[in-house]
Amino acid sequence: MVGPTPGIGNWDLIGQTLSNRYVVESELGAGGMATVYAAMDQTLGRQVVIKIPHAELLRQPGFRERFIEEVRSLIALVHPHILPIQDYGEFEGVPFAVVAYFSGGDLRAKINEEGGYLKLEELDQWVPQIASALDFMHSKSVVHRDIKPDNILFDEQGNVLLSDFGIATVMQDMESDETQVGQLTQVGSFVGTTAYAPPEAIRRELSGAYDQYSLGVTIYVGLSGEMPFRASTPEETLVLKASQEPRPINEVLPDLPAEVSRVMMKSIAQKAEDRFESCSEFARALSRAIAPDSPLKTNYTIAAGIAFVAALAVGVGVYMLKPAEEIPVVIVPAEPPGTVFEAGSTPEEISAAMKLCQLHVATCDVRDYESEILRAVRVADLAPDKTEVTNEQFLAFITETHYVTEAELAGFSYKDGFLKRAGWSWSSVDGEGARPELDLPVVHVSQKDAQTYCEWTGARLPTEVEWEFMARGIDRRTFPWGNDWEPGLANSKLGGLGGTAPVGSFANGATPEGLHDLAGNVMEWTSSRTNAGKAVLKGGAWNTENPAHVRSAIRFDEAPDFSSDDAGFRCVREL
């Protein structure tokens with residue numbers, strides 16, 4: 001017997017427990033196809049999002065079965081920028097899907113935070129990612145049909161994810177079934193949001209150009225604050241789209257570069273065949289129009305070329321030459337054009353982390369691991385430093401550039417007072433003629449200090465996901481050396497030296513690719529930031545007492561200007 005349907009008025013999900021696991025806390029809102037709820041996953045102790053199809057859809061014969069079937073298939077369909085479905089089930093006959101909760105909010109919230117308008121230069125940060133996700137799904141013969149700011153989500157690191165593919169796919173399957181089309185038409189269902197839908201939506205003509213149009217409208221609205229068409233009702237909007245060309249965006253934004261305006265209007269052309277061949281082609285054209293002569297892109301290409309030539313010259317060991325020093329790095333292999341890597345932790349991996357913690361530490365909290373959100377991200381071929389940057393290397397940088405670190409400017413670094421024994425430098429407190437130990441990893445450096453050094457060498461800091469990929473490999477090892485904790489393989493509080501060790505001292509704890517000290521010794525800066533603006537560190541340190549906190553998936557965050565005696569870094573180069 002099927003229970004009351006959501007939206008009928010006598011059925012309230014708030015306070016209910018779904019699948020003996022998810023406690024529904026509040027309703028977040030309703031989109032074009034589903035009602036969305038915030039819930040607490042009692043098993044993992046973290047917040048999730050529950051999505052339940054609207055009542056109109058649930059009334060359609062066969063919808064429940066198709067919904068569950070499609071959710072099952074989408075769980076196995078992985079793309080770095082598509083919101084993954086974590087679980088599914090039924091409650092009193094009503095199907096639901098479980099997805100991750102992202103505190104970074106959606107694009108609509110981002111637009112509101114920035115005063116109601118997107119900055120032109122920010123588009124290149126997320127439009128190519130969404131375009132890639134759309135083209136991927138189009139290659140699988142799936143059209144999203146509801147691209148809009150609400151369905152473009154951001155995680156804490158600013159990565160973008162596209163949501164709500166599942167229900168759109170079910171609707172597409174049902175419309176392709178001739179036995180269902182009449183029923184869908186009878187209830188007057190329209191899949192999507194009319195303001196963002198293309199002219200062909202009224203004829204239900206589906207192609208990749210459909211989603212491209214919606215993406216173009218999303219950007220149009222974000223930049224200008226206005227819609228391409230002015231209408232008083234959804235029906236009038238569709239009629240206008242079918243009979244008129246959209247209002248040129250440069251009429252709304254006279255100062256918008258002419259080429260940007262041309263690209264934007266091509267993406268929302270009235271005829272599908274007049275748009276770009278793909279969403280990625282639209283994204284590339286938009287990127288070129290925004291910054292046609294970007295020096296950053298030019299320098300990036302040159303740096304990547306140098307690294308590639310060096311890799312060809314020496315095979316597995318790459319040596320990037322810099323005045324007065326050689327920086328050893330090792331290649332992490334990946335299949336061109338990069339590898340899709342699943343970062344973060346599965347529920348089973350988090351449970352294992354809790355058990356490991358409970359074996360060694362008196363107090364354990366599952367919330368320590370709630371930021372390890374499972375997500376698939378494409379990573380480039382990388383040439384990372386084989387070891388953490390040493391005092392000797394950083395001292396060469398200071399000597400040549402006369403750079404002043406943030407700790408020196410502040411006169412203080414955490415855990416070591418006023419820079420006594422500050423890694424690469426020395427203090428009168430240490431005695432006349434004292435010198436640093438050159439083979440120790442450099443510490444007392446901030447995220448900015450680390451990035452500045454890496455740029456001096458022609459490299460950069462790794463992102464959080466890139467760092468995790470270096471440590472775990474494509475087989476997703478729990479620790480750099482494997483899946484089992486062995487205290488003697490990492491310089492941590494359990495089996496370590498009670499302070500930093502010369503880089504490479506724990507050789508048996510290196511990755512199979514030959515990268516050292518990715519667990520313990522010092523935490524390592526990445527280039528990533530949380531949604532709150534904090535900088536992300538990885539890997540644990542010499543003073544870490546919880547072995548679950550030296551796992552490769554663990555993340556720590558600090559203020560970007562933070563420095564300490566247990567925080568260092570290494571650099572990477574893209575091939």
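At a glance:
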| read-out | value |
| --- | --- |
| Members of the range 43-64 that are surrounded by fewer than 18 Cβ atoms within 10 Å (Cβ to Cβ) and under 25 Å from the mean Cα position of the chain (by Cα) | Thr43, Gly45, Gln47 |
| First in the range 561-575 and acidic (Asp, Glu), second anywhere and surrounded by fewer than 24 Cβ atoms within 10 Å (Cβ to Cβ), Cβ under 6 Å, 6 or more apart | Asp561/Glu406; Asp565/Lys415; Asp565/Asp416; Asp566/Asn543; Glu574/Ala304; Glu574/Ala380 |
| For Glu56: the one exception among (1) modelled with pLDDT under 75; (2) part of a loop (DSSP other than H, G, I, E, B) | (2) |
| When residues of the range 433-491 are limited to those that are among the polar types (S, T, N, Q) and over 20 Å from Pro502 (Cβ atoms), the one surrounded by the fewest Cβ atoms within 10 Å (Cβ to Cβ) | Asn483 |
| Pick from the range 114-143, criterion without any contact (Cβ under 8 Å) to a residue 40 or more places away in the chain and part of a loop (DSSP other than H, G, I, E, B), ranking: surrounded by the fewest Cβ atoms within 10 Å (Cβ to Cβ) | Gly115 |
| Residues that are assigned to a helix (DSSP H, G or I) and farther than 10 Å from Gln212 by Cβ, drawn from the range 260-279 | Val260, Ser261, Arg262, Val263, Met264, Met265, Glu273, Asp274 |
| Residue in the range 102-112 that is over 25 Å from Arg275 (Cβ atoms), in a loop (DSSP other than H, G, I, E, B), aromatic (Phe, Trp, Tyr) and in contact with an Asp or Glu (Cβ under 9 Å, 6 or more places away or on another chain) present | yes |
| Residue match in the range 456-471 (condition: more than 27 Å from Glu392 (Cβ to Cβ), outside any loop (DSSP other than H, G, I, E, B) and of a type in the set (Gly, Ala, Ser)) | no |
| The range 554-571: number of residues that are surrounded by fewer than 24 Cβ atoms within 10 Å (Cβ to Cβ), within 21 Å of Ala510 (Cβ to Cβ) and in contact with a helix residue (DSSP H, G or I) (Cβ under 9 Å, 6 or more places away or on another chain) | 1 |
| Test: residue in the range 407-424 that is at pLDDT 90 or above, hydroxyl-bearing (Ser, Thr, Tyr), farther than 30 Å from Asp87 by Cα and crowded, with 20+ Cβ neighbours inside 10 Å | no |
| Output for the range 232-289, where each listed residue is aliphatic (A, V, I, L, M), touching a residue at least 40 places away in the same chain (Cβ under 8 Å) and more than 22 Å from Leu120 (Cβ to Cβ) | Leu238, Ala242, Ala272 |
| Subset tally (residues that are modelled with pLDDT of 85 or more and more than 20 Å from Ala131 (Cα to Cα)) for the range 201-232 | 6 |
| Which numbered condition Leu515 fails, given (1) within 21 Å of the chain's Cα centre (by Cα); (2) part of a loop (DSSP other than H, G, I, E, B); (3) among the hydrophobic types (A, V, I, L, M, F, W, C); (4) modelled with pLDDT of 95 or more | (1) |
| The one condition in (1) more than 20 Å from Ser280 (Cα to Cα); (2) of a type in the set (A, V, I, L, M); (3) modelled with pLDDT under 75 that Leu77 fails to fulfil | (1) |
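The values are calculated or read from the model by the stated rules, or taken from the named source; none is laboratory data. None of the values given here were measured: they were computed from a predicted structure. Cβ sites come from the backbone with ideal geometry, for glycine too, and all protein chains shown count toward neighbours.
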